[in-house]
Each structure stands twice: as C-alpha cells, then as structure tokens.
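Heads up, the thing below is written out as structure tokens.
What follows draws every value from the coordinates through simple rules; no lab data is involved. What you are looking at is a predicted structure, and each value in this text was computed from that prediction instead of being measured. Cβ placement follows ideal geometry from the backbone for every residue including glycine, while neighbour counts extend to all protein chains displayed.
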Amino acid sequence: MVLADLTAGAVADAERRSLSRPIEVVEREALARPAAKDALAFLAPAERVKIIAEVKRASPSRGALAEIPDPAHQASLYEQGGASAISVLTEERRFGGSLADLEAVTARVSLPVLRKDFIATRYQVLEARAAGADLVLLIVAGLEPEVLRDLYAFTLELGMTPLVETHSAEELDVAIDLGAALIGVNARDLKTLELDRDLFGRLVDRIPDTAIKIAESAVLTPADVAHYRSAGADVVLIGEALVTGDPVATLESFLEAK
C-alpha cells in the first residue's frame, strides 16, 4: 500500500534525524517557539472560499512537478495572491520536501503554516513546532486509533491545530469522534492513488457545522474549486495547479470561483 510505505519511510527518516537531534533537543526548540497562529481564525468560513496553498515539488502520482528553488518566495507569492494558509510538504522520498523548506516558509509568511507529511510519532509533531508550523496533518487511514488520539491531543498541547484527513465515511466518523475542528476529505485515495472528485460531496453532510470543511486534491481549474465550493467546502487545499503556473494569478482566479 502506498500510504503504508510513505508512512514507514517518513518515520524511518525521522528516526534517522533523531540520532543527531534527540527528542529532548527538539522539544526544547519547540517549546521555545512563539505561540502558534490561530489557524481556525484564518480558515473560518466566509462569503467566498478560502485556500490553503501548497509548496509541493513532486508527488507519487505525478512525479516531479516543479523545482521550487526558493520555497519561502513561493509561499510569499501565495500570501500575495490571497491564500489563507500555507501547506509545506516535508516528506523527502516521494515529494522532495524537507524540514528546511518548512523553516524557510514559516520565517517568511504571516499566514498559518501546515506541516504536510506522514506523521505517526510525537517526534515528528515536535519537529513541526520547532520549525514554526502552526498545523500538522494527521491522516486517519495511516494511524492506529490509539496513536491518532495521542497525536491529536499532543498537537493541541503544543498549541497547534490538527488537520484530520479522511477518505471515507468511516474515517470521517473517527475525525468527528475526536472533536476535530479542521476536517479534510481527500479525493485521492492514498492507498491506491485513485481520484474521486465527488467524494467530498458525498461525505460533507456528515461533517458537523462546528468543523471547518476542507476539500483536498483534484483541483486544476477554477471550475474544480467551484465544484467543491458548491458542494459545501469552506476551504480548498491546492498544490499542483499553483506550482505549475503563475501562483498569484492562479490563486486570484480560484478565489473568484463561485
């Protein structure tokens, strides 16, 4: 399974980093950071759709997308274009990201920043905060229930916001039971890499109004954003379309989608 392999690789890479940066060191750095930004305030539902814009060099489904020599500059263009938050892919093996990318972005922008990775340990959550992240991604399909609950609670303890990602009605129920305030529905099944753009629309009515509803993947045009918005998305997370075109102009066109 792709998701299982990605998670195992991300954990192995974190364990390698921990040899030179033990958890005690990373924890001190995390706790020394200023308080995380209130991502819920930035992403709260509004009259028009909000966008989380992603710094993304590659993906398992599409391969290389863009070089992005300066991720901080890319993120600053997203902020200029009207994004409400920034996502930074830090997975190294298949996405070409790094914690250095995350640190560069958090130092440049005034928006909340999401660490998007295959997070399965407290060490990875601490790394996110130490690098300045305000949110972390927790993928229901990739975590055992007790691990998910622990990481969710630990993320909140550090003052960050968990974005809980789902791919099915059953996973959505898990996110709701956690009390997640940010719930994502990913159109891409990370076990098969298949896309189902209508999945969000089928599941959105199950998401309580107390949660911010985020549609992820399968966005290339303003019509795709409009599709998710009409289905009830408060926020759309977009990567590929922004790194392969003019990020400012593309964002502005997406934000006008009805």
Item to check | For Val243, net neighbour charge (Lys/Arg +1, Asp/Glu -1) across residues whose Cβ lies under 11 Å away | outcome: -1
Item to check | Using θ = phi - 60° and Karplus 6.51 cos²θ - 1.76 cosθ + 1.60, couplings along the stretch 175-183 (whole Hz; Gly, Pro as x) | outcome: 4, 5, 4, 5, x, 4, 8, 10, 10
Checklist entry - Based on DSSP, what percent of beta bridges with both residues in the chain are antiparallel, to the nearest 5? => result 10 percent
Item to check | Calculated FRET value between Val147 and Ala223, using beta carbons and R₀ = 41 Å, to 0.05 | outcome: 0.60
Item to check | Choice from Glu67, Glu47, Glu103 with maximal GNM fluctuation in the chain (Cα, 10 Å cutoff) | outcome: Glu47
Checklist outcome for this item: Residues meeting the amide H criterion for Val136 (H placed from the backbone, H to H distance under 5 Å, 5 or more places apart or on another chain) are Arg115, Thr161, Leu163
Next on the checklist: Running a GNM on the chain with Cα contacts under 10 Å, which residue among Leu65, Leu237, Leu111 ends up with the highest mean-square fluctuation?
Outcome noted: Leu65
Checklist entry - Remind me, relative contact order of the stretch 20-134 in percent, using alpha carbon pairs under 8 angstrom and six or more residues apart? => result 33 percent
Checklist outcome for this item: With the charge dipole of the stretch 113-152 built from beta-carbon charges (+1 for Lys and Arg, -1 for Asp and Glu) about the Cα centre, the Cα from Val140, Ile119, Ala130 projecting farthest to the positive end belongs to Ala130
Checklist outcome for this item: Once normalised by the length of the stretch 2-255, the mean sequence separation of its alpha carbon contacts under 8 Å that are 6 or more apart gives a contact order in percent of 22 percent
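Would you mind checking Lys37/Lys191; Lys56/Lys191; Lys50/Lys116 for any pair whose Cα atoms are more than 22 angstrom apart?
Lys37/Lys191
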Checklist entry - Given labels modelled 7 Å from the Cα in the Cβ direction, how far is it in nm from Leu156 to Leu40? => result 0.9 nm
Item to check | In order through the stretch 13-20: 3J(HN,Hα) via Karplus (6.51 cos²θ - 1.76 cosθ + 1.60), integer Hz, x for Gly, Pro | outcome: 5, 5, 5, 5, 5, 5, 5, 9
Checklist entry - Taking only DSSP H segments of four or more residues, each worth -39500 (n - 2.57), what value at 222 nm results for the chain once the sum is divided by all its residues, to the nearest 500 deg cm²/dmol? => result -13000 deg cm²/dmol
Item to check | Listed residues Glu24, Glu171, Glu79, most fluctuating in the chain (Gaussian network, C-alpha, under 10 Å) | outcome: Glu24
Item to check | Cut-off under 5 Å, modelled amide H: who pairs with Arg188 long-range | outcome: Asp196
Checklist entry - So what J values fall out for the stretch 240-248 if you push phi through Karplus, 6.51 cos²θ - 1.76 cosθ + 1.60 with θ = phi - 60°, rounded to Hz, Gly and Pro as x? => result 3, 5, 8, 8, 9, x, 6, x, 5
Checklist outcome for this item: Taking 26-37, 211-222 and ranking on average Cβ neighbours within 10 Å, highest first, one gets 211-222, 26-37
Next on the checklist: Can you tally the net charge around Ala75? Count Lys and Arg as +1, Asp and Glu as -1, for every other residue whose Cβ sits under 12 Å from the Cβ of Ala75.
Outcome noted: -3
